[in-house]
1. Being open to solvent by 10 Å² or more (accessible area, probe 1.4 Å), under 30 Å from PHE822 (Cβ atoms) and polar (S, T, N, Q) is true for just one of THR482, THR469. Which residue is that?
2. With respect to ALA732, is the statement that it is within 12 Å of LEU504 (Cα to Cα) and surrounded by 19 or more Cβ atoms within 10 Å (Cβ to Cβ) true?
3. Restricting the first residue to the range 25-39 and requiring it to be open to solvent by 40 Å² or more (accessible area, probe 1.4 Å) and outside any loop (DSSP other than H, G, I, E, B), which pairs with a second residue that is basic (Lys, Arg) and modelled with pLDDT of 80 or more meet a Cβ separation below 9 Å and a spacing of at least six or different chains?
4. Can you tell me which of (1) modelled with pLDDT of 55 or more; (2) open to solvent by 50 Å² or more (accessible area, probe 1.4 Å) is the one GLU64 doesn't meet?
5. Looking only at residues in the range 84-126 that are among the β-branched types (Val, Ile, Thr) and within 18 Å of GLU38 (Cα to Cα), which one is modelled with the highest pLDDT?
6. Looking at this structure, is LYS587 open to solvent by 50 Å² or more (accessible area, probe 1.4 Å) and either at pLDDT 90 or above or in a strand (DSSP E or B) (or both)?
7. Here is a list: LYS21, LYS12. Which entry is modelled with pLDDT of 80 or more, among the basic types (Lys, Arg) and either farther than 24 Å from PHE422 by Cα or assigned to a strand (DSSP E or B) (or both)?
Amino acid sequence: MHCASCVRTIEKVLKKTSGVKSVGVNFALESALIEFDENVVSESGLAETVKSAGYKLEVNSQDEKKKETANDKNSETISIKVLGMDSPHCAMVVGGALKKLPGIKNIDVDFSNQRARVVFSRNILTVNEIFKVITDAGYKPIMEEGEAEEVLDKEKLEREKQLKTLKTKLVVGGVLSLFIFFGSFPEWFSFVPRILNNNWVLLILTTPVQFWVGWQFYAGLKLLVKYRTADMNTLIAIGTLAAYFYSTAVTIFPAFLGRGGVAPKIYFDTSAIIIVLILLGKYFEILMKGRASEAIKKLIGLQPKTATILKNGKEIEIPISDVSVGDLVIVRPGERVPVDGKITEGDSEIDESMVTGESMPVHKTIGHAVIGSTVNKFGTFTFYTTKVGKDTVLSRIIKMVEEAQGSKAPIQRLADLVSSYFVPAVIGIAVLTFVVWFFFGPVPAFNFALINFVAVLIIACPCALGLATPMAIMVSSGSAATKGILVRDAASLEIAGGIDTIVLDKTGTLTQGKPQLTDIIAFDNGNKAQVLHFAASLEQRSEHPLAKAILQYAASLDQKSSHPLDKAIIDEAKKENLELYKLEDFKAISGKGLRGFLRIDSRRVEAYLGNRALIQEIGLDTTPYENKIMGLESEGKTVMLLVVDKQIKGALAVADVLKKESIKAVKTLKESGLDVWMLTGDNDRTARAIAAQAGIENVMSEVLPDKKSEKVRELQNKGKIVAMIGDGINDAPALTQAHVGIAMGEGTDIAMEAANITLMRGDLMLIPETIKLSKRTMKIIKQNLFWAFFYNSAFIPVAAGLLYPFFGILLNPIFAAAAMAFSSISVVLNSLRLKAE
């Protein structure tokens with residue numbers, strides 16, 4: 001497919017085919033999704049229909065069939081890598097083709113790993129016959145035994161093949177066009193041998209350029225004749241053939257076409273140079289489109305080929321495709337993590353930049369999740385696999401980026417619509433131009449009419465129009481992926497730039513999502529480290545999240561940390577022995593706290609840690625400490641009071657603290673003129689305390705999970721363009737309801753599935769970056785569309801000769817071809833700016 005008008009052509013041709021229910025053609029990915037009745041039309045029939053329109057349809061697949069197994073002593077089993085079999089339907093095609101062979105006993109087709117395992121009777125069937133059937137089905141089979149063969153990217157191979165053919169044609173066409181150009185103007189180039197001035201020689205030199213170098217353009221004529229529709233190729237074919245056949249007629253019948261003894265002009269140079277220039281534009285376009293889709297290729301290239309697994313105490317290296325969920329995998333320094341999993345032994349620093357965009361390696365220990373294709377920097381560790389194949393994070397990223405690059409933004413649908421009517425309109429203008437010049441033009445009228453007719457057809461190419469949006473979408477979604485921003489579709493990228501309201505879920509989005517110890521207060525001039533010592537000793541058997549916050553803090557005192565409490569506590573802790581006291585008769589008191597007996601210097605001391613209700617229940621008065629307690633509670637913190645030996649020793653405050661980048665992100669969003677809201681299920685006082693810390697004035701508190709989407713709808717009903725940012729399962733409905741749903745990559749799979757955009761490293765600073773990227777993308781798209789429209793609207797009248805009566809200006813078709821080629825290249829180059837920014 002060469003341009004957006006091809007989309008309409010293919011859709012039109014397929015919709016006329018009986019049995020076809022619906023067709024969706026995508027220009028950027030050069031793909032079509034066809035729903036059809038297989039009882040009426042076959043896949044090969046669809047391929048023939050598309051072929052008749054001048055295009056090549058390669059069938060890919062959507063349903064998988066499994067076969068029953070059988071075996072005997074004459075059976076042989078082979079494992080085949082089937083290149084190009086990358087969907088369930090492909091698997092069905094390959095399986096269906098193989099099933100028809102005599103001697104096939106069982107077929108197991110796995111499209112996710114591009115593998116077919118075939119059991120057959122060697123008395124009836126040979127391996128070569130099996131390979132032939134797979135090849136005939138449109139796939140490339142490779143025997144998996146022996147040396148592992150590198151599976152090359154099919155699209156890259158196809159592009160290289162296309163470039164090689166174009167290069168050959170350009171060299172031949174370019175050399176011949178040079179001779180034709182020199183030979184056509186003896187008055188300018190007197191040094192050229194006289195033989196080149198001969199019209200017959202020029203005809204012989206032009207013919208291969210016209211019909212071999214420019215062969216790909218003649219599919220446009222078949223469209224015109226057979227389907228009464230037209231595309232870019234139709235314009236080029238009609239224009240160049242008009243110049244070629246007129247010049248041929250002049251060569252064969254010079255006397256008949258000559259007037260008043262004046263020899264008629266020939267235009268072999270026009271047709272030849274136009275074809276070469278347009279092909280040159282195509283060559284650069286294909287070259288640069290390869291650069292635009294590099295993001296996907298880089299991601300695919302990151303996938304390791306093998307993994308070292310532990311089996312029966314032995315290390316075995318196996319292909320990545322053979323790794324199963326639950327396998328124990330060993331990763332050594334410098335190696336890539338093969339698949340997703342959780343560490344069971346060892347620890348390391350892992351570079352996750354390819355997924356999250358975060359440049360600093362992340363420290364991982366037992367229980368931490370690891371992502372396939374990330375790089376292990378230092379330690380050796382073992383992990384058990386949790387996701388393999390198409391379920392891994394990287395595979396899902398690749399799928400999302402591909403879907404985004406292939407989807408259509410609303411603005412693109414307008415461009416496609418204009419392009420579809422553009423070509424017929426241009427042919428009409430070209431015919432009108434010819435008629436007006438032929439009947440009303442100066443002598444020789446036919447020459448003027450022909451030149452302007454060709455110029456209009458050549459200048460008015462909808463290529464730039466068709467490329468304007470998909471090229472920008474392809475580059476920007478690929479560029480976003482490298483920064484840790486995954487965009488699901490083009491529409492989201494377009495809408496994100498117009499967002500005026502941001503709704504941030506509190507837990508896990510604005511905050512870290514887990515309680516942290518924020519304050520320790522020792523009453524009556526007590527010791528803070530001692531308060532922590534007692535509290536940690538009491539909490540050592542508790543599973544409560546607040547208990548974990550205290551224990552984690554106590555355990556981290558001897559490590560380097562940036563916690564605000566650290567300096568003061570560490571100084572005091574040095575004087576104390578922080579080894580936990582022995583705990584006896586531990587009892588959790590639901591909704592209030594806990595009680596236990598601590599062994600302190602051989603004494604058995606009763607201690608409590610809990611809320612006001614618990615302290616008052618045991619008969620102690622909290623009034624002297626209420627100001628300090630309420631001060632902490634007003635900041636949205638949960639306060640626990642410590643009682644040891646019937647004395648209130650101190651208080652500990654625990655809160656879900658803000659992420660370090662939250663304040664900066666909110667400030668940046670507000671400076672961009674956006675309304676920022678916080679959404680939470682917390683009570684209003686706690687919610688407003690957290691919001692105040694983050695710098696947010698607009699708060700929606702005490703919102704139940706199932707009501708979050710209603711709150712988003714309320715803002716939308718006020719005319720707001722809303723982006724919802726969340727990370728949990730309970731955020732999924734709100735993410736779907738919002739104009740743009742943005743999921744934090746550290747969150748749940750369900751939230752990521754519901755969202756339009758995923759931030760892989762959960763960094764809120766990526767939200768302004770996403771909006772900035774969207775605005776830049778839309779700016780580039782609008783620039784592309786403006787120049788494409790401007791170029792066509794401005795130059796068609798010039799090509800038609802509108803300026804000739806006033807200024808004597810006519811547009812030579814050769815310059816029209818150069819301008820047309822430049823318009824497409826300029827759109828691609830302008831889109832590539834998104835990659836550099």
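The values are calculated or read from the model by the stated rules, or taken from the named source; none is laboratory data. These figures come from a predicted structure and were not determined experimentally. When we count neighbours, we look across all protein chains shown, and the Cβ atoms used for this are built from the backbone with ideal geometry, even at glycine. Only protein heavy atoms, including side chains, enter the accessible area calculation; ligands, DNA and RNA are left aside. Shrake-Rupley method; radii C 1.70, N 1.55, O 1.52, S 1.80 Å.
1. It is THR482.
2. Values: within 12 Å of LEU504 (Cα to Cα): no; surrounded by 19 or more Cβ atoms within 10 Å (Cβ to Cβ): yes.
Considered against the rule, which asks whether it is within 12 Å of LEU504 (Cα to Cα) and surrounded by 19 or more Cβ atoms within 10 Å (Cβ to Cβ), ALA732 comes out as no.
3. GLU35/LYS21; PHE36/LYS21
4. Checking GLU64 against (1) modelled with pLDDT of 55 or more; (2) open to solvent by 50 Å² or more (accessible area, probe 1.4 Å), the one that fails is (1).
5. Here is the first cut: in the range 84-126, the ones among the β-branched types (Val, Ile, Thr) are 93-94, 104, 107, 109, 118-119, 124, 126.
Subset that is within 18 Å of GLU38 (Cα to Cα): 93-94.
Numbers: VAL93: 67, VAL94: 78.
My answer is VAL94.
6. Taking the combined requirement at face value, the residue satisfies it.
7. After ruling out the rest, the residue left standing is LYS21.
Per-residue answers, yes or no, for (1) more than 20 Å from THR482 (Cα to Cα); (2) at pLDDT 90 or above; (3) in a helix (DSSP H, G or I):
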{"position": "LEU310", "(1), (2), (3)": "yes, yes, no"}
{"position": "ILE318", "(1), (2), (3)": "yes, yes, no"}
{"position": "VAL329", "(1), (2), (3)": "yes, yes, no"}
{"position": "ILE350", "(1), (2), (3)": "no, no, no"}
{"position": "HIS363", "(1), (2), (3)": "yes, no, no"}
{"position": "THR382", "(1), (2), (3)": "yes, yes, no"}
{"position": "ARG396", "(1), (2), (3)": "no, no, yes"}
{"position": "LYS399", "(1), (2), (3)": "no, no, yes"}
